[in-house]
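Down below is the structure, laid out as structure tokens.
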Amino acid sequence: MKVVSTTNAPAAIGPYSQGMICGNLVFCSGQIPIDPATGLIAEGITAQAEQSCKNVAAILAAAGSDCTKVVKTTCFLSDMAHFAAFNEVYAAHFVSKPARSCCAVKELPKGVLCEIEAIAEL
């Protein structure tokens, strides 16, 4: 296994890695919408979904992969009322339409509206 780390995505806020490579796959930890350059979180589901997608893409790039090679995502929303707006942003980034699970959860770290984790081929 190999740890994936990049300054182009937020640093881990707990005892975990941004990503791990195992065999021919890269596993991205859940990415919340923290802007890695500023540490700030944008307001609204559209901006937050966009930043979460960018953070996943940055980790994939650091591993030598990209969003077109994603085979599975798991998406967490703070409210299913955000589902349509989230999907619009998500679809622009994950154009290969990977397998996906999406659910609403009671709460996400730092009070964000969404989180995305991904598994991709190298």
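For the chain, adding -39500 (n - 2.57) for each run of n ≥ 4 DSSP H residues and dividing by the number of residues yields -8000 deg cm²/dmol at 222 nm.
Of the three principal axes defined by the Cα atoms of the chain, the extents in descending order read 38, 29, 22 Å. Of the GluC sites (Glu not before Pro) found in the stretch 1-91, the ones in coil according to DSSP and having at most 13 other Cβ atoms within 10 Å of their Cβ are E43. By the rule of a second cysteine Cβ within less than 4.7 angstrom, the chain holds isolated cysteines at C22, C28, C53, C67, C103, C114.
Computed over the chain, relative contact order equals 33 percent, with contacts defined as Cα pairs under 8 Å that lie 6+ residues apart. The calculated FRET efficiency for the pair M80 and T38, based on their C-beta separation and a Förster distance of 35 Å, comes to about 0.75. Report the chymotrypsin sites (Phe, Trp or Tyr not before Pro) located in the stretch 9-92 that are in a DSSP loop and have at most 14 other Cβ atoms inside 10 Å of their Cβ, or state none. The qualifying sites are Y16.
Dipole check for the chain: with +1 at the C-beta of Lys and Arg, -1 at the C-beta of Asp and Glu, and the Cα centre as origin, the magnitude is about 320 Debye. Straight-line cross-link partners of K69 among the aspartates and glutamates, defined as a Cα under 18 Å from its Cα and at least 8 positions apart when in the same chain: E117, E121. Restricting the stretch 53-122 to trypsin sites (Lys or Arg not before Pro) that sit in a DSSP loop and have at most 12 other Cβ atoms within 10 Å of their own Cβ leaves K106. Positive end of the dipole of the chain (Cβ unit charges, origin at the Cα centre): among A42, V71, A91, the Cα lying farthest that way belongs to V71. Among beta bridges from DSSP that stay inside the chain, the antiparallel ones total about 75%.
Overall, the accessible surface of the chain at a probe of 1.4 angstrom is composed of carbon and sulfur to the extent of 57 percent.
The values are calculated or read from the model by the stated rules, or taken from the named source; none is laboratory data. Worth saying up front: this structure is predicted, and the values here are computed from it rather than measured. Neighbour counts run over all protein chains shown; Cβ positions are idealised from the backbone, glycine included. For accessibility, only protein heavy atoms count, side chains too; no ligands or nucleic acids. Shrake-Rupley method; radii C 1.70, N 1.55, O 1.52, S 1.80 Å.
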